[in-house]
1. Pick from segment 31-59 the residues that are within 18 Å of the chain's Cα centre (by Cα) and either away from the ligand (no atom under 16 Å from the Cβ) or among the aliphatic types (A, V, I, L, M) (or both): which of them is nearest to Trp95 (Cα to Cα)?
2. Any residue at all in segment 303-314 that's surrounded by fewer than 17 Cβ atoms within 10 Å (Cβ to Cβ) and closer than 30 Å to Asn57 by Cβ?
3. Assuming Ala263 fulfils every condition listed in (1) open to solvent by less than 10 Å² (accessible area, probe 1.4 Å); (2) more than 26 Å from Arg152 (Cα to Cα); (3) part of a loop (DSSP other than H, G, I, E, B) apart from one, which condition is it?
4. I'm trying to understand the selection: among the residues of segment 266-312, which are out of contact with any Lys or Arg (no Cβ under 7 Å at 6 or more places or on another chain), under 20 Å from Arg114 (Cα atoms) and part of a helix (DSSP H, G or I)?
5. Within segment 51-84, how many residues are assigned to a helix (DSSP H, G or I) and open to solvent by less than 40 Å² (accessible area, probe 1.4 Å)?
6. Would you be able to tell me the number of residues in segment 139-160 that are open to solvent by 70 Å² or more (accessible area, probe 1.4 Å) and within 15 Å of the ligand (Cβ to nearest atom)?
7. Looking only at segment 251-297, how many residues end up being of a type in the set (Gly, Ala, Ser) and in contact with a helix residue (DSSP H, G or I) (Cβ under 7 Å, 6 or more places away or on another chain)?
Amino acid sequence: MSILKKLALAAGIATALSSAAMAADMTVGFSQIGSESGWRAAETSVTKQQAESRGINLKFADAQQKQENQIKAIRGFIAQGVDAILVAPVVATGWEDVLSEAKEAKIPVILLDRGIDGPEDLYLTSVASDQVKEGKVAGDWLVGTVKDKDCRVVELQGTVGSTPAINRKKGFEEAIAGHSNISIVRSQTGDFTRSKGKEVMEGFLKAENGGKNICAVYAHNDDMAVGAIQAIKDAGLKPGTDILVVSIDGVPDLFSAMAAGEANATVELTPNMAGPAFDALAAYKKDGTMPPKFIITESKLYTPADDPKGEAERRKSLGY
Ligand code: AHR
C-alpha cells in the first residue's frame, strides 16, 4: 500500500472513531407515538438497537398515542439537557410551542416517520417516506389491476390528523383520478390498529350488501388490512379474491397473508428511520454539517410475485 493510501486509510479510521466517540457521549430522548402497529413496534426496536450499537444513551418515552404525552416527554428531555430529541409526531399540528422551547435550549430535534405542520427551522431534519407517493403506488397498483372493471373501494384511514393518513389518502386519490370506473365509496379511520381496522371493515361489509358491492379495500397500513382480512373471512368472503386488499408497511403478517392468497399488494416502509437520523446527528454534532431537511426513505411495491413467504422470513431481522 502506498504511503498516501495508508494516510487516507488512517484519516478515515480516525474520522469514523471520532464520530463513534462523539455518538458514545450522546444522550438522546426519543418520544415514540405508542405501539399501535407491528411496524411501530419494529421501529421502536430498531431505534433501540441503532442507539446501542453506536453507544448512544437513549431515553425512551411511549406516548400511548397521545400528543399531550409527547409534549410532556419532550419538555422532560429539555429539562434533562439531552443532546438531541427524536420525535415521531402522532398528529401534524400543535408542535410549535414545544419545539420552539427545544430550539431555545439549543437541542436539535429530528422528526421520525411523520411530519408536522410548522416552520422547518424547528427541526434539524425529518426522516420519513414520501407518503403521498406511497398512496400513489398503492392506487397505481389498483388501477393497473382492475383495468376497465368497475371497482368500488372502501378505505381504512390512519390516525385522524396524522401526516400518513392525510398524504396516503391524497396519493391514492391522485392515482385513481381520471379512472371513473374506480371510486372510494366509504372511508373511515381505523387509527392504524388491527382491532379498529377489523371493526370498521365489519361496518363497511354490512353497509355494502355483505361485502358483495366491494371490489377492494385500501388500508393506510398493514395492521388495519390484516384486521380487514379477518372481517372479510368472517363475512364468508375470500380476501384477496372476492375483495382485493392493498395496504402500506410491509410487515411480516401481511406477507404471510399474501403468501396465503389473502392480500394482493403492500408498499414497504422501512422501520429503520433511526439509522439515517443518528448519522445526520453525528455529522451535525461533529462539525456542524447540516443534513438535508428531508431524508426520504424508499417506497417499494410488493405483490405475490415477490416471494411473500421469503419476505415474511427476511423481515424477522428487521426488528419485527
Ligand atoms: O407513520 C407511519 C405509520 O404509523 C405506519 O405506516 C403505521 O403502521 C404506523 O402506525
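The values are calculated or read from the model by the stated rules, or taken from the named source; none is laboratory data. Owing to the predicted nature of the structure, the values given are computational and were not obtained by experimental measurement. Quick reminder, even Gly has a Cβ in these numbers, built from the backbone with ideal geometry, and neighbours come from all protein chains shown. All accessible areas refer to the heavy atoms of the entire protein, side chains included, with ligands and DNA or RNA removed. Shrake-Rupley method; radii C 1.70, N 1.55, O 1.52, S 1.80 Å.
1. We begin by selecting, within segment 31-59, every residue within 18 Å of the chain's Cα centre (by Cα); these are 31-50.
Okay, now just the ones that are also either away from the ligand (no atom under 16 Å from the Cβ) or among the aliphatic types (A, V, I, L, M) (or both), so 33, 41-42, 46, 48-50.
Working: Ile33: 14, Ala41: 23, Ala42: 25, Val46: 25, Lys48: 24, Gln49: 27, Gln50: 26 Å.
The residue in question is Ile33.
2. So the first thing to find is which residues in segment 303-314 are surrounded by fewer than 17 Cβ atoms within 10 Å (Cβ to Cβ), and the list is 303-307, 309-310, 313-314.
From what is left, the residues that are closer than 30 Å to Asn57 by Cβ are none.
No, every residue in segment 303-314 fails to be surrounded by fewer than 17 Cβ atoms within 10 Å (Cβ to Cβ) and closer than 30 Å to Asn57 by Cβ.
3. Only one criterion in (1) open to solvent by less than 10 Å² (accessible area, probe 1.4 Å); (2) more than 26 Å from Arg152 (Cα to Cα); (3) part of a loop (DSSP other than H, G, I, E, B) is unmet by Ala263, namely (2).
4. Ala274, Gly275, Pro276, Ala277, Asp279, Ala280, Leu281
5. Filtering segment 51-84 down to residues assigned to a helix (DSSP H, G or I) leaves 51-53, 67-80.
Adding the requirement that they be open to solvent by less than 40 Å² (accessible area, probe 1.4 Å) leaves 51, 70-71, 73-74, 76-78.
Number satisfying all stated conditions: 8.
6. Residues that pass the stated criteria total 1.
7. Keep residues of segment 251-297 that are of a type in the set (Gly, Ala, Ser), which gives 256-257, 259-261, 263, 265, 274-275, 277, 280, 282-283, 288.
In the following step, the residues that additionally are in contact with a helix residue (DSSP H, G or I) (Cβ under 7 Å, 6 or more places away or on another chain) were identified as 256-257, 259, 263, 265, 274-275, 282.
Of the residues in segment 251-297, 8 are of a type in the set (Gly, Ala, Ser) and in contact with a helix residue (DSSP H, G or I) (Cβ under 7 Å, 6 or more places away or on another chain).
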